[in-house]
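The values are calculated or read from the model by the stated rules, or taken from the named source; none is laboratory data. Owing to the predicted nature of the structure, the values given are computational and were not obtained by experimental measurement. Cβ placement follows ideal geometry from the backbone for every residue including glycine, while neighbour counts extend to all protein chains displayed.
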Amino acid sequence: MQNTNTQTLTKSQKIRSIIAASSGNLVEWFDFYIYAFTAVYFAHNFSNSDNPTIQQISAFGVFAAGFFMRPIGSWLFGSLADKIGRKSSMVFSVILMAIGSFLIAALPSKDSVGDLAIILLLVARLIQGLSVGGEYGIAATYLSELATSGRRGFYSSFQYVTLVGGQLLAVASISIMLLFFSENEMHEYAWRILFAIGGLLALGSLFVRSVMSESATELHKHEDRGSFKALFESYKPFLIILGITAGGSLAFYTITTYTKTFMINSAGFDKSLSNNIMLYALFILMIIQPVFGLIGDKIGHKTSLLIFAFLAFVGIYPLFMLLKSSASSPFLAFLIITALFIILSFYTSVAGIFKAKLFPEHVRALGTGLSYAIANAIFGGSAPYVALQFKNYGFENSFFIYVALMMAIVFFVVLLLPKKALLD
């Protein structure tokens, strides 16, 4: 149900608030994802192994550990958003992301401090995980509360426009860096520049978010707002979101993050070419989100999720196997990745709205963020790490069987969602 505040906002105020919220979301995800896409350059600085795969396992192990802070971040910032408002909580999460980015930019390597280097990297990454853990639930809640009936999928899609935009900027920034720095310079020191830029962008987004309008005005009517007591009353949607997000986030990070590593390690693409292919494909993924959001509004968000689960179940394994044999044709690789992104878009375009609208206003940010963060930490953040472990033990293809099985689970959990009239 539309809250009172969003009904009184003018169209220009809504647009301004969406842009402000989305810009901060974009910066947070850029800071978070720059780690994944630069890991191939800095992994050797923090691992004592000479094996590149083992080095990347160490780096992506820290990447996965950052995700385990996200439930804490979603609890901390989600509870805060339900108690004092969405806008203030968003500001605090951006500040924390800036701190984490600046720390990574300044970290000493193993040559200077030994094993302490990987511990310090872990600490900085945990800070970033805490920040982005809060950001997802608040952003999904905020955009859902600004949305109007019949256009909720369209509004919600902008969360993933900026989330994917953050990934796109991360990939693009590496391509730009490679115009000015050699591969050796990227490995030695240039990767640090990207984290410093991310920290500065996070601080700059604070100014943009100052123009946001608050989306929830009736929180004060609930004494238990933002509490676990209130959340327990909505345990059924909480469990449903856990089940759907487990597979959804696994597919998301497999397709958008691990694909580049797979192209380099298994398909034989060089780093620069794989980076450029991902750059173009991520741009496609970003711009089609509103289109698939509108499709979700037309066919129903539940139907959109069912289509995603089915296509991912039958398509991810064969498409990755085809990608593995496409090293001689970069354009074919681009088409394969684009096909994977189209499948994914049936989920990402409506992911925020279907989660947020299942919870009442006074526990919406906490419920949306915490249920997402727990499943995301276990299944999403671990995707590159688990995939590399399968590869290291000689069973690389088995990882994609694991993904397919999770898609089957998602399909059956989606069937438990409320009827279209309630969900959409």
Set Leu332, Leu311, Leu319: member being surrounded by fewer than 22 Cβ atoms within 10 Å (Cβ to Cβ), farther than 22 Å from Ile18 by Cα and either free of Cβ contacts under 8 Å to residues at least 12 places away in the same chain or under 14 Å from the mean Cα position of the chain (by Cα) (or both)
Leu332
Within the stretch 375-412, the count of residues that are under 15 Å from Gly243 (Cα atoms) and modelled with pLDDT under 90 comes to 4
Restricting to the stretch 61-73, name every residue that is crowded, with 20+ Cβ neighbours inside 10 Å and out of contact with any Ser or Thr (no Cβ under 8 Å at 6 or more places or on another chain).
Val62, Phe63, Gly66, Met69, Arg70, Pro71
Check Gly129, Gly153, Gly165, Gly133 and return the single one that is touching a His at 6+ places or on another chain (Cβ under 7 Å) and not in a loop (DSSP other than H, G, I, E, B).
Gly153
Close pairs from the stretch 202-219: first farther than 25 Å from Ile34 by Cβ and modelled with pLDDT of 70 or more, partner among the aromatic types (Phe, Trp, Tyr) and not in a helix (DSSP H, G or I), Cβ under 7 Å, at least 6 apart
none
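Can you tell me which of Ser349, Ser345, Ser371 is of a type in the set (Gly, Ala, Ser), within 16 Å of the chain's Cα centre (by Cα) and within 26 Å of Leu273 (Cα to Cα)?
Selected residue: Ser345, the only one of Ser349, Ser345, Ser371 that is of a type in the set (Gly, Ala, Ser), within 16 Å of the chain's Cα centre (by Cα) and within 26 Å of Leu273 (Cα to Cα).
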Conditions (1) closer than 30 Å to Ile342 by Cα; (2) small (Gly, Ala, Ser); (3) surrounded by fewer than 24 Cβ atoms within 10 Å (Cβ to Cβ) -> Ser157 fails only (3)
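For the structure I just gave you, tell me whether Leu415 is out of contact with any Leu (no Cβ under 6 Å at 6 or more places or on another chain) and farther than 18 Å from Thr245 by Cα. Walk me through it before giving the result.
Numbers: out of contact with any Leu (no Cβ under 6 Å at 6 or more places or on another chain): yes; farther than 18 Å from Thr245 by Cα: no.
No, not satisfied.
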Residue identified as free of Cβ contacts under 8 Å to residues at least 40 places away in the same chain and assigned to a helix (DSSP H, G or I) among Lys302, Lys260, Lys236
Lys236
Please give the number of the condition Ala373 fails out of (1) small (Gly, Ala, Ser); (2) over 23 Å from Tyr235 (Cβ atoms); (3) assigned to a helix (DSSP H, G or I).
(2)
